[in-house]
Each structure stands twice: as structure tokens, then as C-alpha cells.
Amino acid sequence: MYLQRRNRILRRSPSIRHLVAETVLTPDDFIVPLFIVEGENSREEISSMPGYYRMSIDNTIKEVQELWRMGLKSVLLFIKCRDDLKDNKGTEALNPGGLMQRSIKAIKDACPEMLVMTDVALDPFSSFGHDGIVEGAEIVNDATVEVLAQMSVSHAQAGADFVAPSDMMDGRIGAIRSALEQNNFTKTGIMSYSAKYASCFYGPFRDALDSAPGFGDKKSYQMDFSNRTEAIKETLMDIEEGADIVMVKPALAYLDIIREVKNNVDVPVSAYQVSGEYAMIKSAAKLRRLKEDKAIIETLTSIKRAGADLIASYFAKDAVRILE
């Protein structure tokens, strides 16, 4: 039998497969999430995220320097606020001497070239664990947006390269861009969580920061996972309001959304391989149901193949080591 084309020729050896690979992971693809706590010489493993840690600023600096040596050039900061500093107004979020602001300054002093992105949302600072100010049983939009804009300016003053609003309040990108411009932070970027879904995969993250909602859920502001076209609409609105990078979160259950967004925008697209996705792979590997290293690379490659230009992942360090 005569075959005009033998497709297997391009799969015959590792050298050929690498030569013609359509999707290739590099350290430049990754954003590394970091969890920061008060104290000194603190390094606490997160029980629901085995192998991942909350660290004090001094140990965070050491971690950032190691990341830089490995070729990882971007970090995304989250802080664990003390309970006694939480309220319903996000007061501590605006503290110039707060943990986030001190962390930004310390990292930029120790590793100036590291790209520092910062989480902008009220849930770590909220006595209710919600991403916005609560009135009755409602998470109010416009009052929250005002605080988020001030919070973004505070992060820019501390030295953040990008602010990353993860709250999903309406109009916050425009308000943040306006506030940054008015305060002459014309070089500070915005990475918007444009399509952030109300997902069950965030559980371990909320353990890490003690930021689970104290009542109800987040479905009145995070997106319904049944929806696809809504993601495109909201992403395009964020770009129009001034977002420099847009994000889809979570990643693995939303690969179709990543591709839809990528096909419809002309800015970089990021995706977040979230804590639940990390924990699933860790758990399955512990039970010897799969090979952890192979699962890491396959899932990250699938996210990039779907269209993500940047991937926030707790596996970033592991991926770089595996790819070496």
C-alpha cells in the first residue's frame, strides 16, 4: 500500500519531536505566586498545598533571589493579614507600612530587575473574607472600587511593576488606571483578572491566606462557570478601560476560555493554574496514580497551547528544573 504522507516520520525520535514541537515551555512563561507572612525566618508549609510555603519577608527575599538565578523573572505577591488588622473597609490594605508595601520594597531593593506583581483585592484584609466592602448581605461595588484604586496607588508607590486586581468588581480597571495616571504612575501596568470564575478549585489558596468568605459565596461577583461569551465581553471591557495583560482563572478547566480570549484580544493573555489544580496533581502523585513531573509539564504545556502567553503556577520552579 502506498502512503502519500507518513505523519509518524515527524514523531520518530526525541530529536525530531523537539525540532517540530509547536508549543515549548521556557522560564519566561511563568509568574511565581508567593505567600508572605509577618515575622522573621518563618517558612510554614501550607497543609493543603504540600511543598508550598508561606514565608516571612526575609525568606521571601532569599526565594526571589533563587527564582532569579533559575531564570524566573516575575512574582505575584499575596499577603496573609493578621486577624486583628482586618475590618470591613480594607484599612490595612492602604497602610504605607503594611506587609504588602514592605514586601514590595524589600524585593525591589534585593532584586531590582525582578518583575513584581501584586494582588489587589480586599479579601485578605476583610473581616468578612469577601473581595469587597459588605453592606448587609451585599458586596457593594462602587465603594469597593474606590478602595481598590487607592490600594493600587499604594502598591505603585512601594515599587510594584504591575497591580493585579482579582476582585471582579465592575469598572475597577478604569478607576485604577485613572488613579495611577493622576498620581503620575504612568509606567505601572495592570494585569486584570478579567475572566475569573466562581470555582471550587480555590480552596487551598483560601487556606493559605485565611481568606475564605465568612458568609455565602463569591458568585455575585465572580463569573458563572457555565458561561463563555461573557468572558470575552468582560475581557474586552477591561482592555478598553486600560488593562495591559488579561487573565483567565482557573486554567485547566477553562482551556476553551483561554483560547477564546486569545483569539479575540491583542494584549498578552495570562492564565492561573490555581491551588486546587496544584493539589490534585500532588495528591494523585502521592497515591502513585500518575508521575508528578510528567503531569506538571503536560498540564502547563496544555495551558500554553490553549493560548496563554503567561502562566501563574505553583509548579514554576519544578517546571524549570524538569526542563533543564
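The values are calculated or read from the model by the stated rules, or taken from the named source; none is laboratory data. Quantities reported herein were computed from a predicted structural model and do not represent experimental measurements. Using ideal geometry, Cβ is built from the backbone for each residue, glycine included, and neighbour counts are taken over all protein chains shown. Side chains are part of the model used for accessible areas, which takes the heavy atoms of the whole protein and leaves out ligands, DNA and RNA. Shrake-Rupley method; radii C 1.70, N 1.55, O 1.52, S 1.80 Å.
Only one residue in Ser199, Ser275, Ser283, Ser226 is out of contact with any Lys or Arg (no Cβ under 6 Å at 6 or more places or on another chain) and farther than 26 Å from Val37 by Cα. Which one?
Ser226
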Handout entry: Top-ranked residue of the range 164-211 - restricted to ones that are out of contact with any Phe, Trp or Tyr (no Cβ under 9 Å at 6 or more places or on another chain) and aliphatic (A, V, I, L, M), ranked as farthest from Ser126 (Cα to Cα)
Key = Leu180
Practice task
Could you list all residues from the range 43-63 that are more than 19 Å from the chain's Cα centre (by Cα) and part of a loop (DSSP other than H, G, I, E, B)?
Solution key: Ser47, Ser56
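For Ile245, are the conditions met, namely being among the β-branched types (Val, Ile, Thr), closer than 29 Å to Gly97 by Cα and out of contact with any helix residue (DSSP H, G or I) (no Cβ under 7 Å at 6 or more places or on another chain)?
Working: among the β-branched types (Val, Ile, Thr): yes; closer than 29 Å to Gly97 by Cα: yes; out of contact with any helix residue (DSSP H, G or I) (no Cβ under 7 Å at 6 or more places or on another chain): yes.
Answer is yes for this residue.
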Problem - Any hit, the range 118-129, residues being of a type in the set (S, T, N, Q), in contact (Cβ under 8 Å) with a residue 24 or more places away in the chain, farther than 14 Å from Thr60 by Cβ and surrounded by 17 or more Cβ atoms within 10 Å (Cβ to Cβ) - result: yes
Handout entry: Count of the range 78-93 residues which are of a type outside the set (D, E, K, R) and either in contact with a Lys or Arg (Cβ under 7 Å, 6 or more places away or on another chain) or open to solvent by 40 Å² or more (accessible area, probe 1.4 Å) (or both)
Key = 3
Problem - Selection within the range 94-107 - assigned to a helix (DSSP H, G or I) and open to solvent by less than 40 Å² (accessible area, probe 1.4 Å) - result: Leu99, Met100, Gln101, Ser103, Ile104, Ala106, Ile107
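Could you please give the count of residues in the range 223-233 that are in a helix (DSSP H, G or I) and open to solvent by 10 Å² or more (accessible area, probe 1.4 Å)?
Within the range 223-233, residues that are in a helix (DSSP H, G or I) and open to solvent by 10 Å² or more (accessible area, probe 1.4 Å) number 4.
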Exercise for the section: Could you pull out the residue among Phe162, Phe185 that is more than 15 Å from the chain's Cα centre (by Cα), farther than 23 Å from Asp224 by Cα and among the aromatic types (Phe, Trp, Tyr)? Expected result: Phe185
Practice task
Take the residues in the range 42-54 that are of a type outside the set (Gly, Ala, Ser) and in contact with a helix residue (DSSP H, G or I) (Cβ under 6 Å, 6 or more places away or on another chain), then tell me which one is nearest to Ala308 (Cα to Cα).
Solution key: Met49
Exercise for the section: Report, ordered by the first and then the second residue, all pairs with beta carbons closer than 6 Å, sequence separation of six or more or different chains, a first member in the range 306-324 that is in a loop (DSSP other than H, G, I, E, B), and a second member that is aliphatic (A, V, I, L, M). Expected result: Gly307/Ile258; Gly307/Val269; Ala308/Ile258; Ala308/Val269; Ala308/Ala271; Asp309/Val269; Phe315/Ile296
Practice task
Within the range 234-252, work out how many residues are surrounded by 14 or more Cβ atoms within 10 Å (Cβ to Cβ) and out of contact with any Ser or Thr (no Cβ under 7 Å at 6 or more places or on another chain).
Solution key: 9
Problem - Enumeration of residues in the range 68-80 that are free of Cβ contacts under 8 Å to residues at least 60 places away in the same chain and farther than 17 Å from Tyr272 by Cβ - result: Trp68, Arg69, Lys73
Practice task
Answer yes if at least one residue in the range 168-190 is among the acidic types (Asp, Glu), in contact (Cβ under 8 Å) with a residue 12 or more places away in the chain and open to solvent by 50 Å² or more (accessible area, probe 1.4 Å), and no otherwise.
Solution key: yes
Problem - Members of the range 138-152 that are surrounded by fewer than 20 Cβ atoms within 10 Å (Cβ to Cβ) and among the β-branched types (Val, Ile, Thr) - result: Val140
